[in-house]
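S.K.: Handing you this structure, nothing more for now.
The values are calculated or read from the model by the stated rules, or taken from the named source; none is laboratory data. None of the values given here were measured: they were computed from a predicted structure. A quick note on method: Cβ atoms are made from the backbone with ideal geometry, for glycine too, and the neighbour counts reach across all protein chains shown. We work out accessible area using only protein heavy atoms, side chains counted, and drop any ligands, DNA or RNA first. Shrake-Rupley method; radii C 1.70, N 1.55, O 1.52, S 1.80 Å.
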Amino acid sequence: MNILVINAGSSSLKYQLLNPDTGVLLAKGLCERIGIDGKFTYKPQVDGKKKLDAIDVAMPTHSEAIQAVLNALVDKDNGVIASMKEIDAVGHRVVHGGEAFNKSVLITDEVMKAVEDCIPLAPLHNPANITGIKACQKVMPGVPMVAVFDTAFHQTMPAKAYTYALPYEYYENDKVRRYGFHGTSHKYVAGRAAAMLGKKPEDLKLISCHLGNGSSVTAIDGGKSVDTSMGFTPLAGLPMGTRSGDLDAGILQYLMNKYKMNIDDMLNVLNKKSGVLGVSGVSSDFRDLENAGKEGNDRAALSVDMFNYGVKKLIGSYAAAMGGVDAIIFTAGVGENSKSQRMAIASGLEFMGVKMDEKANDTRGEEAVISAADSKVKVLLIPTNEELMIAKDTASLVK
Ligand code: ADP
């Protein structure tokens, strides 16, 4: 079985063709500058097939982009499948499913309507996801399509975790609540953690730290998300590459008055100019910050310290929320690659049974237990694979 996984943005589209049972990747790539001119990248994972690197392909709309993907996949010389018939289904990443979706679903007209209803909750992302789905439906009629939501995994959170302390009618009438994001990643690594530990997900209390450009931490009790650090939008929680994370809402009024900013200006600062970039003034990339810190840049070092401290506090609070923790998971760009940040975050937690192993932690990009053999709480490095999770969900719905 082969599943085409699509992650559509407003002017870009990422794709992967993979086997959901074996996890074997056949090809992946990227369409960029859709609606502008069109750049197409194709990376077949089969020996002897040639890749295409940002070549010019006219893409006035997402439909031409999908067509370019299909043409490449079935190409006589460099394709990886003989015909489109070998694509059994398409799995689409959809950012926001609101309260309507607590799991992945087969796409029907009714589902499309519900995804459209979620546009106000994710005005930048959902329209692009919808465009991607419609383009696929046009170019691949009759092929089953599945929507996999970033928010769905967190729909199991109890009301005490998702309700904001605002007048209740803002929840009832306007759906203002914590939704959480990165759900596909948290779900994937939680499943892998259970497999690595040889336990059933139902028997585990996990804290999953997805630390990348965007970061979130999730408490997973018995296989279910019970709390997560992102909120109504992905601006909440930890300081991120360029996002502020949580802050005192009173700051907004103070700065907006002082600098004559309107709310759009303010949100631009909070989304694009804050986080570790804002504090360091150097970069949003943790590699740059680590290097700058080593060269004596105090603000770069401070920004990384703040980030690590934020993750550590979430681990403590989620352990308290669940009444314990069996394993802490590190994933995504920083979590998978930065041994120094993993160490900074997980050290000092010996009081709650976390004991790191310096040597085991000296690794990257591969599943590993990085805690000491006698650590009560296991610490795991698990590379995330959202595309594989999307492919697996898609396969299970169309089988
Ligand atoms: P996104 O949220 O965009 O998917 P990723 O999960 O790919 O982000 O993470 C990207 C971030 O990972 C980069 O901005 C970089 O800061 C960080 N990163 C990647 N490699 C390393 C490394 N070796 N050490 C520290 N940070 C790293």
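S.K.: Restricting the search to the stretch 207-232, which residues are buried (at least 18 other Cβ atoms within 10 Å of the Cβ), part of a loop (DSSP other than H, G, I, E, B) and within 16 Å of the ligand (Cβ to nearest atom)?
M.R.: Within the stretch 207-232, the first condition is being buried (at least 18 other Cβ atoms within 10 Å of the Cβ), and the residues that meet it are 207-212, 214-221, 225-231.
If we keep only those that are part of a loop (DSSP other than H, G, I, E, B) as well, we get 212, 214, 229-231.
Those that are buried (at least 18 other Cβ atoms within 10 Å of the Cβ), part of a loop (DSSP other than H, G, I, E, B) and within 16 Å of the ligand (Cβ to nearest atom): GLY212, GLY214, SER229, MET230.
S.K.: Let me ask something else about it. Among the residues of the stretch 79-124, which ones are free of Cβ contacts under 8 Å to residues at least 40 places away in the same chain and open to solvent by 50 Å² or more (accessible area, probe 1.4 Å)?
M.R.: ALA82, LYS85, ALA100, THR108, ASP109, GLU110, LYS113, GLU116, ASP117, ILE119, PRO120, PRO123
S.K.: Just to be sure I understand, how many residues within the stretch 342-359 are within 18 Å of THR218 (Cβ to Cβ) and within 16 Å of the ligand (Cβ to nearest atom)?
M.R.: Of the residues in that region, 3 qualify.
S.K.: Scanning for something of a type in the set (Gly, Ala, Ser), more than 25 Å from the chain's Cα centre (by Cα) and open to solvent by 10 Å² or more (accessible area, probe 1.4 Å), does the stretch 12-34 turn up at least one residue? Walk me through it before giving the result.
M.R.: Residues of the stretch 12-34 of a type in the set (Gly, Ala, Ser): 12, 23, 27, 29.
Still in the running and more than 25 Å from the chain's Cα centre (by Cα): none.
Checked against the condition, which is being of a type in the set (Gly, Ala, Ser), more than 25 Å from the chain's Cα centre (by Cα) and open to solvent by 10 Å² or more (accessible area, probe 1.4 Å), the stretch 12-34 yields no hits at all.
S.K.: Something else: Looking at (1) in contact with a Phe, Trp or Tyr (Cβ under 6 Å, 6 or more places away or on another chain); (2) open to solvent by less than 20 Å² (accessible area, probe 1.4 Å); (3) part of a loop (DSSP other than H, G, I, E, B); (4) within 16 Å of the ligand (Cβ to nearest atom), which is the only condition MET240 fails?
M.R.: (1)
S.K.: Can you find even one residue in the stretch 143-153 that is open to solvent by 60 Å² or more (accessible area, probe 1.4 Å) and either more than 16 Å from the ligand (Cβ to nearest atom) or at positive phi (or both)?
M.R.: no
S.K.: Say we look at the stretch 369-399 and pick out the residues that are of a type in the set (Gly, Ala, Ser) and open to solvent by 20 Å² or more (accessible area, probe 1.4 Å); which of these is farthest from LEU211 (Cα to Cα)? Please lay out each step first, then the result.
M.R.: First, pick out the residues of the stretch 369-399 that are of a type in the set (Gly, Ala, Ser): 371-373, 375, 391, 395-396.
Now drop any that are not open to solvent by 20 Å² or more (accessible area, probe 1.4 Å), which leaves 373, 396.
Numbers: ALA373: 25, SER396: 28 Å.
Ranking the candidates gives SER396 first.
S.K.: Answer with yes or no whether GLY281 is assigned by TED's automatic domain parsing to the domain that holds ILE207, small (Gly, Ala, Ser) and open to solvent by 50 Å² or more (accessible area, probe 1.4 Å). Step through it out loud before you land on a result.
M.R.: Details: assigned by TED's automatic domain parsing to the domain that holds ILE207: yes; small (Gly, Ala, Ser): yes; open to solvent by 50 Å² or more (accessible area, probe 1.4 Å): yes.
In short, yes.
S.K.: In addition: Which strands (runs of 3 or more DSSP E) sit wholly inside the stretch 25-126 and have at least 2 residues that are over 30 Å from GLY183 (Cα atoms), acidic (Asp, Glu) and out of contact with any helix residue (DSSP H, G or I) (no Cβ under 7 Å at 6 or more places or on another chain)?
M.R.: Details: elements: 25-32, 39-44, 52-56, 89-94.
Result: 52-56.
S.K.: When you check LEU204 against the structure, is it of a type in the set (A, V, I, L, M, F, W, C), more than 14 Å from the ligand (Cβ to nearest atom) and farther than 21 Å from LYS313 by Cα, yes or no? Even if it seems obvious, please write down each step before you answer.
M.R.: Working: of a type in the set (A, V, I, L, M, F, W, C): yes; more than 14 Å from the ligand (Cβ to nearest atom): yes; farther than 21 Å from LYS313 by Cα: no.
It is false that LEU204 is of a type in the set (A, V, I, L, M, F, W, C), more than 14 Å from the ligand (Cβ to nearest atom) and farther than 21 Å from LYS313 by Cα.
S.K.: Out of (1) crowded, with 17+ Cβ neighbours inside 10 Å; (2) within 16 Å of the ligand (Cβ to nearest atom), the odd one out for ASP362 is which?
M.R.: Checking ASP362 against (1) crowded, with 17+ Cβ neighbours inside 10 Å; (2) within 16 Å of the ligand (Cβ to nearest atom), the one that fails is (1).
S.K.: Please verify whether the stretch 296-319 includes one or more residues that are within 16 Å of the ligand (Cβ to nearest atom), open to solvent by 10 Å² or more (accessible area, probe 1.4 Å), at negative phi and outside any helix (DSSP H, G or I).
M.R.: Within the stretch 296-319, one or more residues are within 16 Å of the ligand (Cβ to nearest atom), open to solvent by 10 Å² or more (accessible area, probe 1.4 Å), at negative phi and outside any helix (DSSP H, G or I).
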